[in-house]
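> Would you mind keeping the following structure in view while I ask a few things?
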Amino acid sequence: MAGIKSGKPAQKPALVREPDKTGRPEWDRFLRACRGQPVDRTPVWFMRQAGRYMAEYRAIRQDHTLLEICRQPELAAEVTLQPVRRLGVDAAILFADILLPLVPMGIELSFSAGEGPVIHNPVRSMEDVRRLKPVEPRESLAPVLEAVRLLRRELEGKTPLIGFAGGPFTLASYIIEGGSTRAYVRTKQVMVGQPDAWHLLMEKLSGVVAGYLSAQVEAGAQAVQLFDSWAGALSPEDYQEYALPYSQHVFQALSKASTPVPTIHFSTGTGAYLPLIRQAGGDVIGLDWRVALDQAWAALGHHTPVQGNLDPVALLAPLPELERRVQRILEQAGGRPGHIFNLGHGILPETPVENVQAVVEIVHGWAAEEHA
Ligand code: CP3
């Protein structure tokens, strides 16, 4: 690609690897990086890589609501594949939404244009929490699991598939607030003022999330990511007491599976307590842009695989500046095993698709020059 300079040479990792049975040695570089194994080039994918910034997604959204796409396996699979075709990313992420499993629990959910998610029966008392139903994902979330199976057939030997769910804290915040929030006032009021209701809610949510992710793995997801996007709203002490045990429950349940897959633990605003995030679990820690990669590694231990952490707004910058910022992250990683390139949070709708393509080329090209 024109205009891309080579990155600063850094220490070379050991690149010994087995010949690949598929004949495409790059196909599993994402899964290898999740396990901290050496890779030929840094793998890259993007949170929210399917979405409104892409014309082909907008075309499908003209005729279908978000929930319709999630509930029709062929449509969900098609939307999942759009960024794989267009960007050449190293992983596909199942198209769904973290709020879907709340519906069979008894939550009335809709997505309104411009406002984001709306929950019509928010949960704010012990009585509300008691009414929430357990979920059998193989029944009430069957279309999502069918999309996983369809995708595995489509992607076999080409691109690995990531499944996902919301973190218990992040889901609790939507259920209690009734939608998105800035200050988490109601969430924290329940947490601190009605701790019994809080703990029962978190117990129910972590059970549902563990069951849902296990069902995705059973259907064929090759890695799973827990999006605890809003965990950083808590102080370290509150995270430890009110959120950590429930995320930990989810990761422990997954690690007990007969064939465990790599798990990614993503959150934002938690740079000041990364050791607690690591303690909660996850083979890979997802980082936002508020923490430098090398500082994160110092806090987590240098052998911990990490994912991140470009500011999504950098994708709106002029190309030379975007390139500089991508290279800075690659230089911090220094080609060491256990780095997956991603954003620090999801792609914004106003992002030019060419800039996302450019990032994939920079990441793949940088590593190639590096190891030439
Ligand atoms: O990453 C992917 O490409 C997979 C698809 C995916 C969606 N939502 C589809 C979606 C994933 C991984 C999510 C996760 C999700 N959903 C999170 C955690 C990640 C994060 O961004 O913090 C959260 C908090 C939600 C809840 C949610 N869903 C919100 C707040 C919104 C509205 C925000 C917006 O951009 O409008 C949604 C809607 C949503 N989910 C969209 C997509 C592509 C945009 C909807 C549209 O097409 O109208």
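The values are calculated or read from the model by the stated rules, or taken from the named source; none is laboratory data. These numbers were taken from a predicted model, which means no experiment stands behind them. Neighbour counts run over all protein chains shown; Cβ positions are idealised from the backbone, glycine included. Side chains are part of the model used for accessible areas, which takes the heavy atoms of the whole protein and leaves out ligands, DNA and RNA. Shrake-Rupley method; radii C 1.70, N 1.55, O 1.52, S 1.80 Å.
> Could you identify the single residue in V84, V79, V103 that is open to solvent by 10 Å² or more (accessible area, probe 1.4 Å), touching a helix residue (DSSP H, G or I) at 6+ places or on another chain (Cβ under 8 Å), farther than 30 Å from R186 by Cβ and β-branched (V, I, T)?
Only one candidate qualifies: V84.
> Could you please let me know if G269 is touching a helix residue (DSSP H, G or I) at 6+ places or on another chain (Cβ under 6 Å), modelled with pLDDT under 95 and small (G, A, S)? Quick ask: steps written out before the conclusion?
On the way: touching a helix residue (DSSP H, G or I) at 6+ places or on another chain (Cβ under 6 Å): yes; modelled with pLDDT under 95: no; small (G, A, S): yes.
When the stated conditions are applied, G269 does not pass them.
> Can we say L330 is over 19 Å from L226 (Cβ atoms), part of a loop (DSSP other than H, G, I, E, B), touching a residue at least 24 places away in the same chain (Cβ under 8 Å) and in contact with a helix residue (DSSP H, G or I) (Cβ under 7 Å, 6 or more places away or on another chain)?
no
> Would you check which residues across the stretch 96-126 are modelled with pLDDT of 95 or more and of a type in the set (D, E) and list them?
D97, E108
> Out of curiosity, is Y57 more than 21 Å from G163 (Cβ to Cβ), within 15 Å of the ligand (Cβ to nearest atom), buried (at least 16 other Cβ atoms within 10 Å of the Cβ) and under 22 Å from the mean Cα position of the chain (by Cα)?
On the way: more than 21 Å from G163 (Cβ to Cβ): no; within 15 Å of the ligand (Cβ to nearest atom): yes; buried (at least 16 other Cβ atoms within 10 Å of the Cβ): yes; under 22 Å from the mean Cα position of the chain (by Cα): yes.
The answer is no for Y57.
> Would you check which residues across the stretch 95-104 are within 12 Å of the ligand (Cβ to nearest atom), assigned to a loop (DSSP other than H, G, I, E, B) and either aliphatic (A, V, I, L, M) or touching a residue at least 40 places away in the same chain (Cβ under 8 Å) (or both) and list them?
Within the stretch 95-104, F95, A96, I98, L99 qualify.
> Take the conditions within 16 Å of the ligand (Cβ to nearest atom), more than 20 Å from T268 (Cα to Cα) and surrounded by fewer than 18 Cβ atoms within 10 Å (Cβ to Cβ) and apply them to V353. Does it pass?
On the way: within 16 Å of the ligand (Cβ to nearest atom): yes; more than 20 Å from T268 (Cα to Cα): yes; surrounded by fewer than 18 Cβ atoms within 10 Å (Cβ to Cβ): yes.
Against the criterion (within 16 Å of the ligand (Cβ to nearest atom), more than 20 Å from T268 (Cα to Cα) and surrounded by fewer than 18 Cβ atoms within 10 Å (Cβ to Cβ)), V353 qualifies.
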